[in-house]
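What follows is calculated from the coordinates using simple rules that are stated; it is not laboratory data. Note that the structure is a prediction, hence the values are computed from the model and not measured. Positions of Cβ are backbone-derived with ideal geometry, glycine not excepted, and every protein chain shown enters the neighbour counts.
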Ligand SMILES: Nc1ncnc2c1ncn2[C@@H]1O[C@H](COP(=O)(O)OP(=O)(O)OP(=O)(O)O)[C@@H](O)[C@H]1O
Ligand SMILES: [Mg+2]
């Protein structure tokens, strides 16, 4: 999952999609490729050090999803500074040396901004497709267009655009408030010729789930806060059905 802009909800979408797919019975891995500011450990409530033998690393498991993150290897607040070749190396190791086992899906949560990590991934593994996350705001949509173009340039199919933080439901009245404007994600998807995978509301429960290590999707499909992520997971599965790989590797970009 990717974007261009930070803070639009790539990691939130990644963790909830991964959990939803796992609860639908799929074998799912989630690779936190944000080596600069890994947030998957906090959001998945996982913080052990992965075990390893020889040059193999056993991924952790949380909410039914296999997990790997730089945050497991470098816990704490100290950021890591990577030079280009080191970055490429660590991305390669995450894909090649981690014992993911048989998976139906490997989701990859990308860092915001430049395509460095995306390019390393593309050079290391066959990426089945990319999901671009945006908010309805013009600045975010502009970045989403750049992300779509970036993937087109490196021939990674864009499985679709997700519009996050699309609207707010006013407590009490139930009125829909379009905080950042309306319909921008869908329009942009149409203009760019990529599928529109849907809108996700700005929902405090989604934020609380992430902050507490139990993303809303863990509540199951019957829960109103979780349901949109299960719908998204189903649409993503349909979008993947057209890709050649048997075990789709999906990057989440904003
Ligand atoms: N639909 C939503 N409703 C409420 N809060 C949300 C929603 N999506 C994301 N958030 C919150 O917004 C913040 C940023 O989300 P997140 O970390 O997923 O973004 P990101 O795109 O991965 O950011 P970065 O680019 O820094 O990696 C988090 O606190 C998250 O809980
Ligand atoms: Mg993130």
The chain, helix-only ellipticity at 222 nm - DSSP H runs n ≥ 4, -39,500 (n - 2.57), divided by all residues, nearest 500: -11000 deg cm²/dmol
Which values of log₁₀ I(q)/I(0), to two decimal places, follow from the Debye formula for the stretch 30-93 at q = 0.14, 0.24 Å⁻¹ with a uniform point scatterer at every Cα? -0.39, -1.11
Peptide ranges 189-200, 101-112 listed from the most packed, as the mean C-beta count within 10 angstrom indicates: 101-112, 189-200
Would you mind computing Rg(Cα) / (2.2 N^0.38 Å) for the stretch 1-147, counting N as its residues? 1.00
Taking the stretch 162-212, the whole-percent share of alpha-carbon pairs separated by over 16 angstrom is 48 percent
Please arrange 124, 12, 49 by counting, for each residue, the other beta carbons lying within 10 Å of its beta carbon, fewest first. 49, 124, 12
Considering Cα pairs under 8 angstrom that are at least six residues apart, work out the relative contact order of the chain and quote it in whole percent. 30 percent
Listed highest first by mean packing, meaning other Cβ atoms within 10 Å per residue, what order do 16-27, 173-184 come in? 16-27, 173-184
What share of the DSSP beta bridges in the chain is antiparallel, in percent to the nearest 5? 20 percent
Pop a pseudo-label 7 angstrom from the Cα along the beta-carbon direction at both residue 227 and residue 53 and give the gap in nm to one decimal. 4.7 nm
In nm, give the distance between the simple-model label positions of residue 124 and residue 205, each being 7 Å from the Cα along the Cα-to-Cβ direction. 3.6 nm
First obtain the Kirkwood hydrodynamic radius of the chain from its Cα pairs, then insert it into the Stokes-Einstein equation at 10 °C and 1.306 mPa s, and state the resulting D in µm² per second as a whole number. 88 µm²/s
Descending principal axes extents, the stretch 90-240, alpha-carbon based, whole Å: 51, 34, 26
Taking the number of other C-beta atoms within 10 Å as the exposure measure, put 63, 88, 53 in order starting with the fewest. 53, 88, 63
Separation in nanometres of the label points that stand 7 Å from Cα toward Cβ, at residue 179 and residue 154: 3.0 nm
